[in-house]
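**Student:** Sharing a structure below in structure tokens format, with a few things to ask.
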Amino acid sequence: MKGYKAFEKGLVCKGKQYKENTVFEEDQAEICECGMHFCKNPLDVWNYYPCDPDTEYAAVEAIEDVKTNDGQKFCTKKLKIGAKLSLKGLIDAAVEFIAEKANINTDDYSKLAASGDCSQLAASGYSSKLAASGDCSQLAASGNSSKLAASGDCSKLAASGNSSQLAASGNSSKLAASGDCSQLAASGYSSKLAASGDCSQLAASGNCSVVANIGINGMAKASKGSWIVLAEYDANYKIKKVVSKQVDGKKILPDTWYKLKEGKFVEQKEEI
């Protein structure tokens, strides 16, 4: 069985060091107890690892029998770790997975909408539009200028195209974009937003959200109590510093755009 696995930085999972293109083996495999765990759906890895800049991903393949108790998380005694995936690679894999499972048309300029709970939508065409109002929906797009929106709780949205727009109003939503100039917004509590593209804009209004924007000239804003992670680059476009701050309402103001300059959060008067 093929799938996907998330890791801490350096391909580490629960203290175990993994390596690309290598087979690992353990004596036993029981869900949540022992063995090596992975997911079939690429987006499901965010249920176990945060959607932030330090999380790493890889395609995997179970060589022996697998076990599961929910059809979402699987474990095995023998697992091959494939090539490491970027955020864009994970999102593209999610598009293929959802589209294949739901038999969705991925032509350019497609428009997809679902109102049922646990819906899954995917588009690989340019300028696609995806919308879901049901709880636990999953949306993914790899085309440029895609627009994704979900109003259900626990929704997952991902886009790898440039200038994509993602929005979620449900609690505990997870949004990620790797394209340049993407815009991500979440109004639910405990939402998680991440962008790796240049000049992206991320905003969260719910409490306890985590907003991570490591793109060049990236900006972010969040509500009081939430955390913001921003990156700064040198003249050679290499990351110079990554800083996280909690929106405390005093030093870091709520619903205010910030950019990282000289290692400090600098307020931005206008959205750019």
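The values are calculated or read from the model by the stated rules, or taken from the named source; none is laboratory data. The shown structure was predicted, so the numbers you read here are calculated from the model rather than taken from an experiment. Note that we place each Cβ from the backbone using ideal geometry, even for glycine, and neighbour counts take in every protein chain shown. These accessible areas exclude ligands, DNA and RNA; they are computed on the full protein's heavy atoms, side chains included. Shrake-Rupley method; radii C 1.70, N 1.55, O 1.52, S 1.80 Å.
**Student:** Given a 1.4 angstrom probe, what's the average accessible area per residue across the chain, in square angstrom?
**Tutor:** Heavy-atom SASA per residue in the chain reads 47 Å².
**Student:** What does the helix-only formula give at 222 nm for the chain: each DSSP H stretch with n ≥ 4 adding -39500 (n - 2.57), the total divided by the residues, and the result rounded to the nearest 500 deg cm²/dmol?
**Tutor:** Value at 222 nm, helices only, nearest 500: -2000 deg cm²/dmol.
**Student:** On a 0 to 90° scale, report how tilted helix 87-102 is relative to the longest principal axis of the chain, with both axes built from alpha carbons and the result rounded to the nearest 10.
**Tutor:** 60 degrees
**Student:** Scan around residue 180 for amide H atoms under 5 Å from its own, H built in the peptide plane at 1.01 Å from N, and keep only partners 5 or more places away or cross-chain.
**Tutor:** Result for residue 180 returns 162, 163, 198.
**Student:** Now for a different question. Can you send over the carbon and sulfur percentage of the accessible area for the chain, probe radius 1.4 Å, protein chains only?
**Tutor:** Reported share for carbon and sulfur atoms: 46 percent.
**Student:** Using the structure shown, list the pairs from 84/241; 5/259; 5/221; 16/240; 73/129; 88/221 with a Cα-Cα distance above 26 Å, or answer none.
**Tutor:** 5/259; 5/221; 16/240; 73/129
**Student:** Bin width 10 Å, origin at 0, all Cα-Cα pairs of the chain: what percent of pairs per bin?
**Tutor:** All Cα pairs, binned at 10 Å, distribute as 8, 30, 34, 23, 6, 0 percent.
**Student:** Sticking with this structure for a sec: Kirkwood-based Rg over Rh for the range 104-200 (C-alpha set), two decimals?
**Tutor:** Checking Rg against Rh, the ratio lands at 0.95.
**Student:** Right, next: Packing-wise, with mean Cβ within 10 Å as the measure, how do 225-237, 132-144, 244-256 rank, highest first?
**Tutor:** Packing order, densest peptide first, comes out as 132-144, 225-237, 244-256.
**Student:** Using amide H atoms built 1.01 Å from N in the peptide plane, name the residues 5+ places from residue 114, or on other chains, whose amide H lies under 5 Å from its own.
**Tutor:** So residue 114 has HN proximity to 131, 132, 133.
**Student:** Give me the number: length gained by fully extending residue 269 to residue 70, i.e. 0.36 nm times residue separation minus the C-alpha to C-alpha distance, one decimal in nm.
**Tutor:** Extra length available between residue 269 and residue 70 comes to 66.9 nm.
**Student:** So how strong a dipole does the chain carry about its Cα centre when Lys and Arg Cβ are +1 and Asp and Glu Cβ are -1, to the nearest 20 debye? Working shown, then result.
**Tutor:** Details: 33 positive and 33 negative charges, 136 e Å.
Here the size comes out at about 660 debye.
**Student:** Still on this model: For the chain, give me the percentage of DSSP beta bridges that are antiparallel, rounded to the nearest 5 percent.
**Tutor:** 45 percent
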